[in-house]
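Following: one structure in structure tokens, then a few remarks.
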Amino acid sequence: MKGVNFKSLPEFFIKEKSGIKNNTVRKDDGGDRFEKLKEIDLSQEILFLRITNSETGEYFERIIRDVSVYGKLFILTW
């Protein structure tokens, strides 16, 4: 199974982990994880998202349900 990793600031991490905020917006930095996001067919494959608290190292994982792209911004929804 494929996966992508991102770090999150503590104030966002709490909301994301709890489910209050079930998405994250990221700017394409040209890295491999964005290539995975561009190539994945979510109707055929499962892609995991790991979000890590940038201060504590705590993390959670979710299955990405949707990837929307607006210019260089990626909206990942779980």
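The values are calculated or read from the model by the stated rules, or taken from the named source; none is laboratory data. Source: prediction; values computed, not measured. Backbone-built Cβ (ideal geometry, glycine too); neighbour counts: all protein chains shown. Side chains included, ligands, DNA and RNA excluded: accessible areas come from the protein's heavy atoms. Shrake-Rupley method; radii C 1.70, N 1.55, O 1.52, S 1.80 Å.
When ILE51, ILE63 are compared by accessible area at a 1.4 angstrom probe, the order from most to least is ILE63, ILE51. Bridges between two residues of the range 3-77, per DSSP, are antiparallel at a rate of about 70%.
Where only DSSP H runs of four or more residues are counted, the chain gives -6000 deg cm²/dmol as its mean residue ellipticity at 222 nm, each run worth -39500 (n - 2.57).
Over the chain, with every protein chain in place, what whole percent of the accessible area is carbon and sulfur at 1.4 Å, could you tell me? On the chain, the fraction of accessible area on carbon and sulfur atoms equals 50 percent. Ordering TYR70, TYR59 by accessible surface, largest first, gives TYR70, TYR59; the 1.4 Å probe counts only protein heavy atoms, with every chain in place. The listed residues LYS38, LYS17 rank as LYS38, LYS17 when sorted by accessible area, largest first, using a 1.4 Å probe. Computed from backbone phi with θ = phi - 60° and the Karplus coefficients 6.51, -1.76 and 1.60, the 3J(HN,Hα) list for the range 51-67 is 10, 10, 5, 5, 9, 9, x, 4, 9, 9, 10, 9, 8, 6, 9, 7, 10 Hz; x is used for glycine and proline. The mean sequence separation of alpha-carbon pairs under 8 Å and at least six residues apart, normalised by the residue count of the chain, gives a relative contact order of 39 percent.
For the range 3-77, the solvent-accessible area of protein heavy atoms averages 64 Å² per residue (probe radius 1.4 Å; ligands and nucleic acids excluded). Here the dipole of the range 3-77 is about 200 debye; that uses its Cα centre as origin and unit charges on the Cβ of Lys and Arg (positive) and Asp and Glu (negative). If you plug the beta carbon distance of VAL69 and ILE14 into 1/(1 + (r/R0)^6) with R0 = 25 Å, you get a FRET efficiency near 0.40.
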